[in-house]
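The values are calculated or read from the model by the stated rules, or taken from the named source; none is laboratory data. On a predicted model such as this, the values are computed, not experimentally measured, just so you know. In this analysis, Cβ positions are derived from the backbone assuming ideal geometry, glycine residues included, and neighbour counts consider all displayed protein chains. The area values use the complete protein model at the heavy-atom level, side chains included, leaving out ligands, DNA and RNA. Shrake-Rupley method; radii C 1.70, N 1.55, O 1.52, S 1.80 Å.
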Amino acid sequence: MNNRILLVDDEPAVFDGIRRQLYKSHDLTYASSGAEALVMLDRDGPFAVLCSDMRMPGMDGVTLLAEAARRHPDTVRIMLTG
């Protein structure tokens with residue numbers, strides 16, 4: 001079973017909080033932008049889950065998740081927003 005999660009957020013503290021909860025059971029990877037996440041998906045995939053913030057500089061979360069769906073349709077996509 002693939003337990004890899006790619007978390008995308010421009011605030012590293014969000015990743016740190018999620019990492020503290022899931023590090024024992026999941027392989028977590030962090031990207032600080034949508035563009036970086038797409039590179040990681042293509043280069044380092046597959047990921048079971050892509051979890052993205054909505055508001056980020058450059059590419060927003062909706063755009064990222066739509067492009068990820070096109071490139072990697074088997075990856076579950078989640079929007080995380082405050």
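Inside the range 64-78, residues that are surrounded by 17 or more Cβ atoms within 10 Å (Cβ to Cβ) and assigned to a helix (DSSP H, G or I) make up a count of 3. The set of residues from the range 2-17 being without any contact (Cβ under 8 Å) to a residue 40 or more places away in the chain and over 15 Å from G61 (Cβ atoms) comprises P12, A13, D16, G17.
The residue pairs whose first member lies in the range 62-82 and is in contact (Cβ under 8 Å) with a residue 24 or more places away in the chain and closer than 14 Å to L41 by Cβ, whose second member is acidic (D, E) and open to solvent by 80 Å² or more (accessible area, probe 1.4 Å), and whose beta carbons are closer than 8 Å, counting only pairs six or more residues apart or on different chains, are R71/D42.
For I18, the test of being crowded, with 17+ Cβ neighbours inside 10 Å and either closer than 13 Å to I5 by Cα or in contact with a helix residue (DSSP H, G or I) (Cβ under 9 Å, 6 or more places away or on another chain) (or both) is passed.
Residue check: is L41 touching a strand residue (DSSP E or B) at 6+ places or on another chain (Cβ under 7 Å), part of a helix (DSSP H, G or I), touching a residue at least 24 places away in the same chain (Cβ under 8 Å) and under 15 Å from R4 (Cα atoms)? Answer is yes for this residue.
The residue that is nearest to V49 (Cα to Cα), among those in the range 1-21 that are over 14 Å from the mean Cα position of the chain (by Cα) and of a type outside the set (G, A, S), is N2.
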